[in-house]
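Everything below concerns the one structure shown next.
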Amino acid sequence: MELKQLHYFKTVVDEGTISAAARRLNMSQPPLSSQMHLLEEELGCVLFERGPRKIQLTEAGRLFYERAGNMLELAQITAREMQDYRQGKAGTLRIGVVSSVGTLLLKKWIGPFHEKFPQIRYEIYEGNTYQILEQIRANLIELALVRTPFSGEGLEAVRLTREPMMAAGDARFFPEGCADTVSIRDLAGQPLIVYRRWEEILTKQFEKAKVSPYYFCKNDDARTSLEWARAGMGIAIFPESAGQEMMAGEDAQMRICRILAPGLESEICAVYNVQGYFSTAARTLMEEMRGRQDS
């Protein structure tokens, strides 16, 4: 199996017909058909059915299409890594980041880093924590910025900063006289809008306070929590930096308070695979991040 064959196969699937793929590849149809037959013979299974108008992928073909895409991307990454090795600090950084860290990544770390190393380019991969960590393990990215809690088995994690959890919502959901802080007891019984991954941590805090939470809405993105809070649906619970931009300039009816609860904090960590490739650019950024760690 050659990378050329993978590229041919992916092009055939993307174009829908062998003839269209041949035109895109600037080759004649018979050699392309021959390559597809050779690939199927090597794999020992049919990858697609050749219909009158468009090919139809088999079950094996769908799986192979996904794998082919990953292998081709990995080949491209490897080629860039070799170029990075030759160029030193003028390579490309592949960084994975969860949504609630994106703004802080740019302001606190990437901005100052770019001023020092303007020739370094970036490929940013966004997703949830599980997706980002899987990309780290597969060596598709070099560095990940995620929030606790997460399962980092087999990975190296460096704590960069710790920040408090905040509560934001319409003033009617908060006790009279509440200014900049709010207690767990104050939040009991109020309609809470929470990012699902923090539910367990929050529940333990309510149990310690011997009160019960009312989870009005659970979701998978801190931004969703903030959007619902802005719509007057309840109180969003989120890490401080995750809502700085979104909650800026709210009207007087919006209340934003720090939650007073020992241990209720969010940590941002830089995660990397000690067994994977770590470019000069990534090592340099990691050193810069360590230099900006919170004490």
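The values are calculated or read from the model by the stated rules, or taken from the named source; none is laboratory data. Note that this is a predicted model, so its numbers are computed, not measured. Methodologically, a virtual Cβ is constructed for each residue, glycine included, from the backbone with ideal geometry; neighbour enumeration extends over all protein chains shown. Remember, those area values only see protein heavy atoms, side chains included, never the ligands or the DNA or RNA. Shrake-Rupley method; radii C 1.70, N 1.55, O 1.52, S 1.80 Å.
Annotations for the structure displayed:
- The distance linking segment 2-43 with segment 154-232 is 53 Å (Cα centroid to Cα centroid, whole angstrom).
- Degrees between helix 59-87 axis and first principal axis of the chain (Cα, 0 to 90, nearest 10): 80 degrees
- Once the Cα atoms are used to define both axes, helix 199-208 deviates from the longest principal axis of the chain by about 20 degrees.
- Nearest 10 degrees, 0 to 90: helix 280-291 Cα axis against the chain principal axis: 10 degrees
- Longest site-free stretch - the chain; sites: GluC sites (Glu not before Pro), DSSP loop, at most 16 other Cβ within 10 Å: 3-152
- Loop-resident sites, segment 145-252, for trypsin sites (Lys or Arg not before Pro), counting at most 12 other Cβ within 10 Å (DSSP): Lys210
- Mean accessible surface per residue for the chain, computed with a 1.4 Å probe while every protein chain stays in place, in Å²: 52 Å²
- Under 13 Å of direct C-alpha separation, and excluding same-chain neighbours fewer than eight residues apart, Lys218 reaches these aspartates and glutamates: Glu199, Glu200, Glu227.
- Cross-link reach is defined here as a Cα-Cα straight distance under 17 Å, omitting same-chain residues fewer than 8 places apart; for Lys107 the lysines meeting it are Lys116.
- Per-residue extension of 0.36 nm, minus the Cα-Cα distance of Arg24 and Asp221, leaves a gain of 66.9 nm for this segment.
- Restriction of the trypsin sites (Lys or Arg not before Pro) in segment 91-122 to DSSP coil positions whose beta-carbon has at most 16 other beta-carbons within 10 angstrom yields no sites.
- Protein accessible area in segment 143-290, 1.4 Å probe - carbon and sulfur %: 45 percent
- With Cα atoms as the point set, the chain shows a radius of gyration and Dmax of 24.8, 79 Å.
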